Amino acid sequence: PALRPDGMRVGLGVLEALPGRLRAEQRLFDETGALHAAALFDATGALLCAREDIGRHNAVDKATGYCLLRGIPLNDKLLVSTGRASYDMVAKGVRLGVPILASLSSPTSLAVELAEALNCTLVGYLRGKTLNVYAHGWRITP
């Protein structure tokens, strides 16, 4: 099922700050230079959790699992990942109720189509002051 067209909004300035906040949590990346990371934030940019793994899907599963095991709702959170945003990442986020997915990397064309169809805000190339909004940009406020 698609996400509801109401609820969470995030300020552009908050969104722009998240790559740096995620990078600050990547302790293993500092040692290896070769790990993906995923983190969940609220609309103010407060970090709920960040996790690293060699696989981008595993990093997302670790971060979302942390919240699910603690009963933390995800319908008012945004997920930021260092890995490519693929259709299965969008599907996973929507199933969990996450309204905003952002990647420091690129989305696939199928991810963009799925995000559009399921009312999910999809951001790619999130790199501080630069980013691309691919679907449902109305959740991002100036």
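To put it simply, the accessible area of the chain at a 1.4 Å probe is 56 percent carbon and sulfur.
The calculated 222 nm mean residue ellipticity attributable to helices in the chain amounts to -11000 deg cm²/dmol, summing -39500 (n - 2.57) over DSSP H runs of n ≥ 4 and dividing by all residues. Each peptide in 136-142, 68-74, 123-129, 37-43 receives the mean, over its residues, of other Cβ atoms within 10 Å, and ordering these scores from highest gives 37-43, 123-129, 136-142, 68-74.
All other residues whose Cβ lies under 12 angstrom from that of R9 are scored, Lys and Arg at +1 and Asp and Glu at -1, for a net of -2. Relative to the longest principal axis of the Cα atoms of the chain, the long axis of helix 87-96 lies at roughly 80 degrees. Extension gain for R4-E16 works out to 1.9 nm (0.36 nm per residue, less the C-alpha to C-alpha distance). Taking a straight line from the alpha carbon of K92, these lysines sit under 17 Å away, with near neighbours fewer than eight places off in the same chain left out: K62, K77. Taking Cα atoms, how many degrees apart are the long axis of helix 12-24 and the longest axis of the chain, rounded to 10 and kept between 0 and 90? It is inclined by approximately 20 degrees.
The alpha carbons of the chain stretch over 41, 33, 29 Å along the principal axes, in descending order. For the chain, the per residue solvent-accessible surface stands at 47 Å², with DNA, RNA and ligands left out and a 1.4 Å probe.
The values are calculated or read from the model by the stated rules, or taken from the named source; none is laboratory data. This is a predicted model, so every value here is computed, not measured. In this analysis, Cβ positions are derived from the backbone assuming ideal geometry, glycine residues included, and neighbour counts consider all displayed protein chains. Protein only, heavy atoms only, side chains kept; ligands, DNA and RNA dropped before computing areas. Shrake-Rupley method; radii C 1.70, N 1.55, O 1.52, S 1.80 Å.
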